[in-house]
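All remarks here apply to the structure that follows.
What follows is calculated from the coordinates using simple rules that are stated; it is not laboratory data. The shown structure was predicted, so the numbers you read here are calculated from the model rather than taken from an experiment. Note that we place each Cβ from the backbone using ideal geometry, even for glycine, and neighbour counts take in every protein chain shown.
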Amino acid sequence: MSTRPKSVSSNAPRFSATVATTAFVVVACVALVAMQFFNIAHSREETLATARKETANLTISLVQHAELTFRTADASLAAITSQIERSPAPTGISPGLRDFLVRQVKQSSLFASFAVVGRDGRMVVNTGGENLVANFSDRDYFIYHQDHADKDMRIGSPIEGRTTPGWLIPVTRRINRPDGSFGGVAIAAINPAYFQDFYDGLEIGKSGAIMLVSGDKLLVRRPFLESNPGRDMADSNVVRLMRSKPSGSAEYSAATDGVERLTSYRVGQTYPIVIAVGIQMDELLAPWRSDTVRRVVETVVIVAILALLGVIVGRMTLRLAQDARKLRRSNERFDVMMDTMSQGVCLFDHEKRIVMANRNYAEIYRLAIEDVRPGTRLVDVLRNRQEIRRRLADAGRILRRRRRLRCRGGPQSVRRARHLDHPARLGGWRMARHP
């Protein structure tokens, strides 16, 4: 039995390295794909969260803008109703107030006209023209104030003007007679184009939408459609959401055009208005989709590279495994040769330590196998040999052996040992003994 260091046992799995390499590549690819999927999903949520924050902030600004606009109209109406109720004049409006209202209409794009409708529905004052023949008793705002005694400002549904061309948003107040009975209606006709132009100038995408709603009626909407003014919004998503929560954000398809948007809304604090701002989902997510495509391409390339490297490494490990099997078989043949040869062989390295030795070497020098294990120092081998020599130096045994040889008819062949020391590679040498 040779004392050469043993190679890996042939019972070990042949393809363990290949399996490990394949498993590593698969796990790395799965981890990479999972990480990219998480990053893509997280990026989408961040994009939506940023859009919700931006649209929510915009609704705050637009609500403040709308309430300031209606507060301006309310102040003008309060001045008109107060003067009419305190004035004995038939029309109730002094020339100074009338001139002020006319200047308001001319100098501002907010107001289309101011008017006063008497208790019979006929127009008493109109800063937008002198057509005082038209009757307005069929208007919703006239009927409302006729039946309600409160003097709060009312925002009416958009109407097409009879004395002023185009769409108008009637903002009205009730006028009382000295006895508290209904005396007419003061009207501030707001031009919807004032809001429309302002909303159209905001950068919220080509398909972005802004709505100004009062009650259940649509006052202004971007983009403008001829069917929008006065549209009933009672069953719309934004009105249903507004009834449960005064502000918030949601993703839904608009009832007006069916486009899916991320919409934020807010209810006014002073007046019964709702502002909603929506960004089309396709436009909102377009940068995210571009980034996702880039990430997917990068991931595919990296996975392909990892797979290619895995194939290369797998083939290399398979080839190494095949070489290892060939080497193992060669070593097994070498061990058989060393164990069956009649010579004793021992190989030392440059540090004078045994690299290998066969059984015959140990038997020739009457050493134990443990004494010629790989790594044993030469000095230890010599010390063991000297110990054995001392044990065999018994003179009596030597004499008895010689006497037996003489009695058997003369000397027989005595086993002689011949040492052959040959230099070996790496600075060591090999020692052979021949019988």
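Of all aspartates and glutamates in the structure, those lying under 16 Å Cα to Cα from LYS53, and not within fewer than 8 positions of it along the same chain, are GLU45, GLU203, GLU251. In order along segment 104-118, the Karplus-derived 3J(HN,Hα) couplings, from 6.51 cos²θ - 1.76 cosθ + 1.60 at θ = phi - 60°, round to 4, 5, 6, 8, 10, 7, 6, 9, 8, 5, 10, 8, 10, 10, x Hz, and Gly and Pro are given as x.
Straightening the chain between ASN135 and ASP257 buys 40.3 nm, computed as 0.36 nm per residue apart minus the Cα-Cα spacing. The residues SER82, SER113, SER330, when put in order of fewest to most other Cβ atoms within 10 Å, stand as SER330, SER82, SER113. What is the percent of Cα-Cα separations in segment 297-357 that go past 19 Å? Of the Cα pairs, 62 percent sit more than 19 Å apart.
Sorting TYR265, TYR252 by the number of Cβ atoms found within 10 Å of their own Cβ, with the fewest placed first, yields TYR252, TYR265. Segment 325-368 and segment 140-190 have Cα centres spaced 118 Å apart. Computed across segment 194-237, the Kirkwood radius stands at 10.9 Å (inverse of mean 1/r, all Cα pairs). Projected label points at ALA49 and ALA31, each 7 Å from Cα along the beta carbon direction, are separated by 2.6 nanometres. For the pair ASP282 and ASP197 in one chain, pulling the backbone fully straight at 0.36 nm per residue adds 28.1 nm over the alpha carbon distance. May I ask for the net charge around ASP291, where only other residues with Cβ less than 13 Å from the Cβ of ASP291 are counted and Lys, Arg are +1 while Asp, Glu are -1? Net charge around ASP291: +2.
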